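Structure record follows, encoded as structure tokens.
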Ligand SMILES: [Zn+2]
């Protein structure tokens, strides 16, 4: 497990109420599901969401965790998160 995956909070939308719940990326990747903090529903990640997560982590590994780097060089990664 990389350091980045362990510390990055990755937001995912609930399938039931559409609220976003953030969990460490490493936890989401291992469990492949997230429990909604609002309604408690369990949402399973699609293959596409897992791929987006992996891509985001790759970007962050390259760019580091500096805020300015994330906003500048890693715009693509943030778009993947919003997806
Ligand atoms: Zn929910």
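Values for this structure:
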read-out: Segment residue 41-residue 58, length gained on full extension (0.36 nm per residue, minus Cα span); value: 3.3 nm
read-out: Approximate spin-label separation residue 32-residue 50, in nm, with each point projected 7 Å along Cα-to-Cβ; value: 0.4 nm
read-out: Burial order of peptide ranges 38-49, 4-15 (average beta-carbon count within 10 Å, highest first); value: 4-15, 38-49
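Values in this text are rule-based calculations from the coordinates and carry no lab data. None of the values given here were measured: they were computed from a predicted structure. Here the Cβ is made from the backbone with ideal geometry for all residues, glycine too, and neighbour counts use every protein chain on show.
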